[in-house]
Amino acid sequence: QVQLVESGGGLVQTGDSLRLSCAASGRTFSRYHMGWFRQAPGKERVFVANISLSGIGKYYADSVKGRFTISRDNAKNTVYLQMNSLKPEDTAIYYCVADPTELTPNPTNIDYWGKGILVTVSS
């Protein structure tokens, strides 16, 4: 089992950058595929990015490709989401996720979720 705690959210302006961090408990962080989802007010939870066990495989939603970068530090049990050129439509609660078996954009298949952190981008 793994527990996930997000940090780094907040209020920024259009065009700003923000880096989210997600600290995972436990000794087997490197055995989990990691990712980020987000949920905007009144909308469904959607895939943002994920990263493979080794950190080599990285996948992004089209809406964030070229602006967001996911990375992981297995020594620190942490996954990051660097968000650049933020837009008001990026405003959402961002959730860190972990799964031991799948690298998937499907939220129904994810085993572990953090509580989420709010990112607000003002225009």
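Laboratory data are not the source of any read-out in this text; all were calculated from the coordinates shown. Because the structure is a prediction, the values reported are computed rather than measured. Cβ sites come from the backbone with ideal geometry, for glycine too, and all protein chains shown count toward neighbours.
Skipping prolines and chain starts, which residues have an amide H placed within reach, meaning under 5 Å, of the one on T91, given they are 5 or more residues away or on another chain?
Sorted by chain and number, the residues that satisfy this are V121.
Within the range 1-86, report the trypsin sites (Lys or Arg not before Pro) that DSSP leaves as loop and that have at most 13 other Cβ atoms within 10 Å.
Listed in order of number, the matching sites are R27, K43, K65, K76.
Which value, in debye to the nearest 20, describes the size of the charge dipole of the range 21-110 about its Cα centre when Lys and Arg Cβ atoms bear +1, Asp and Glu Cβ atoms bear -1, and nothing else is charged?
180
Quick check for me: using +1 on Lys/Arg Cβ and -1 on Asp/Glu Cβ, what's the dipole size of the range 11-53 about its Cα centre, in debye to the nearest 20?
Its charge dipole is roughly 180 debye.
Please list the non-local residues whose amide H lies under 5 Å from the amide H of F68, H modeled 1.01 Å from N, same-chain partners needing a gap of 5 or more.
N84
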